[in-house]
Structures are given as structure tokens and as C-alpha cells.
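Reading through the C-alpha cells given below for one structure.
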Amino acid sequence: LDWLAADLIRNGWSLKRLHKNLMMSAVYQQASSFNETDAAKDPENHLLWRFTSRRLEGEAIRDSLLAVSGTLDPAMYGPGSLDETMRRRSVYFTVKRSKLPNSMIVFDWPEHIVSIGSRPATTVAPQSLYLMNSPEVRQYADALAKRSGEIVATVYTLAFSREATAAERDSAAAFLKEQTAYYEGKPDAAHRALTDFCQALLGSNEFLYLP
């Protein structure tokens, strides 16, 4: 911290340069991969030998749901909204204490009338219940299934920005077969099954946490 403070002063108090130095450092770019040898030496990660995964903020979770489903409205500026079903980024929510969006509150939206020095990140049951039962989340999953062209490999690419492993492909195939059979008799049985699969991915830790 002393070195950073001195470097900031030497370079004309340029915060942009400070941020760049931080983000280009080896510590900032550490992966979250677990290593038994390093963990035995420093189980609490005080020496920052790995990145500690953290959950995304409520705004980032909602914006990511909109983005991967292809339903995000990228329009900038203009008035905010009290409509929780709006498709613009979460920063455009109007803050009204008597009508706060559930999607934000459940993921630790901060109190807006006081300063918040450290934003909490809880893990509670209502978060999972929201992702499982919210009509909006179901709509995002449906849109993701359609956007993928009904192809599992594309779902993984859109949701996680990576290819599915062989084990994941096998697991997905088994799940889709079972769910399609569950919806037997309905004209869109295969699509419903893939929507279920998409919703499961959108509620996974890999989607909700920064690795």
C-alpha cells in the first residue's frame, strides 16, 4: 500500500494509471484454481496465492441474465423505471423505498439513503428460490434456449463463455432425455426440457460467481 501511495503521488495522482497497474498485476490476475501444496502452507489465502471466488452483485447477476438470453436492451441514458420486467441494465431502476425490485433485494442491494463502506454478499435460501421460481428467470431461460438454436454446446458457450466438457455433454444428454420424457405429449417437449436445462445453468455457481 505504501508503494502504491507513493507511485500514485509520483504520477500526478492519476487514478486511471493506478487502476491499470492493479489490474495488470500478477496478484489481480491469479486464477481461483485450488492447489493442495499452497493450501497446506496458507489455508486462509493470506498470501494471495489464488483468487478467492466472490458472488456477483445483484445488478451484475440480473444484467448477465439479460445479456446471455439476448434480451438486454442496451439503450443508454433517459429516465429510470420502477418496472421490474424492464430489459435495460439494472442501473436504470428508480429507487423507491416502497417499491424495490425483488431481484435486487434478494441479492443484497444496498440501502440507498446511507453510505455503504462494504457491501455484504450473503448466501441465503431466497436467492435459490428466486432463481428457481421467478417468472422473469424462466423467461430468460426460455430465451437462452431459443437463442442457442436448441444446441446444448451453444448454451454452454453463451452462459459460461467456454465449451462443455465431455462429462457435461453426457450429463446434459441424460437430463434432456429424462425431461423430454417428463413432458411427453406436449408439442414443445424438447424445448421445455432444454429450458429447464438452461435455467439450471443460470442458477449455477459458475454463472453467479466470479471465478
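The values are calculated or read from the model by the stated rules, or taken from the named source; none is laboratory data. None of these values were measured; they are calculated from a predicted model. A quick note on method: Cβ atoms are made from the backbone with ideal geometry, for glycine too, and the neighbour counts reach across all protein chains shown. The accessibility values were calculated without ligands, DNA or RNA, using every heavy atom of the protein model including side chains. Shrake-Rupley method; radii C 1.70, N 1.55, O 1.52, S 1.80 Å.
Points worth noting:
- Tally, over the range 144-154, of residues that are open to solvent by less than 20 Å² (accessible area, probe 1.4 Å) and among the acidic types (Asp, Glu): 0
- SER118 vs. criteria of a type outside the set (D, E, K, R), touching a strand residue (DSSP E or B) at 6+ places or on another chain (Cβ under 6 Å) and open to solvent by 50 Å² or more (accessible area, probe 1.4 Å): no
- Taking every residue in the range 118-138 that is among the small types (Gly, Ala, Ser) and pairing it with any residue that is open to solvent by 80 Å² or more (accessible area, probe 1.4 Å), at least 6 positions away or on another chain, the pairs with Cβ-Cβ distances below 9 Å are ALA121/ARG54; SER134/ASN102.
For every residue, the table says whether it meets (1) assigned to a loop (DSSP other than H, G, I, E, B); (2) surrounded by 10 or more Cβ atoms within 10 Å (Cβ to Cβ); (3) in contact with a strand residue (DSSP E or B) (Cβ under 9 Å, 6 or more places away or on another chain).
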{"residue": "MET86", "(1), (2), (3)": "yes, yes, yes"}
{"residue": "HIS112", "(1), (2), (3)": "yes, yes, no"}
{"residue": "LEU129", "(1), (2), (3)": "no, yes, no"}
{"residue": "ALA141", "(1), (2), (3)": "no, yes, no"}
{"residue": "TYR156", "(1), (2), (3)": "no, yes, no"}
{"residue": "ALA159", "(1), (2), (3)": "no, yes, no"}
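- Selection status of VAL106, within 18 Å of ASP63 (Cα to Cα), open to solvent by 90 Å² or more (accessible area, probe 1.4 Å) and at pLDDT 90 or above: no
- The residue list ALA75, ALA39 contains one member that is under 23 Å from the mean Cα position of the chain (by Cα), open to solvent by less than 60 Å² (accessible area, probe 1.4 Å) and not β-branched (Val, Ile, Thr), which is ALA75.
- Here the condition is being more than 18 Å from LEU72 (Cα to Cα), out of contact with any Asp or Glu (no Cβ under 9 Å at 6 or more places or on another chain), open to solvent by less than 30 Å² (accessible area, probe 1.4 Å) and free of Cβ contacts under 8 Å to residues at least 12 places away in the same chain; of ALA174, ALA181, ALA189, ALA164, it holds for ALA189 alone.
- Pair list, Cβ under 9 Å, 6 or more apart: the range 1-20 residue open to solvent by less than 100 Å² (accessible area, probe 1.4 Å), other residue in a loop (DSSP other than H, G, I, E, B): LEU8/SER14; ARG17/ASN11; LEU18/ASN11
- With respect to being open to solvent by 60 Å² or more (accessible area, probe 1.4 Å) and in a helix (DSSP H, G or I), VAL91 fits the description.
- Between ASP38, ASP63, the distinction of being part of a helix (DSSP H, G or I) and in contact with a helix residue (DSSP H, G or I) (Cβ under 9 Å, 6 or more places away or on another chain) belongs to ASP63 only.
- ALA121 being among the aliphatic types (A, V, I, L, M), closer than 20 Å to LEU56 by Cβ and modelled with pLDDT under 90: yes
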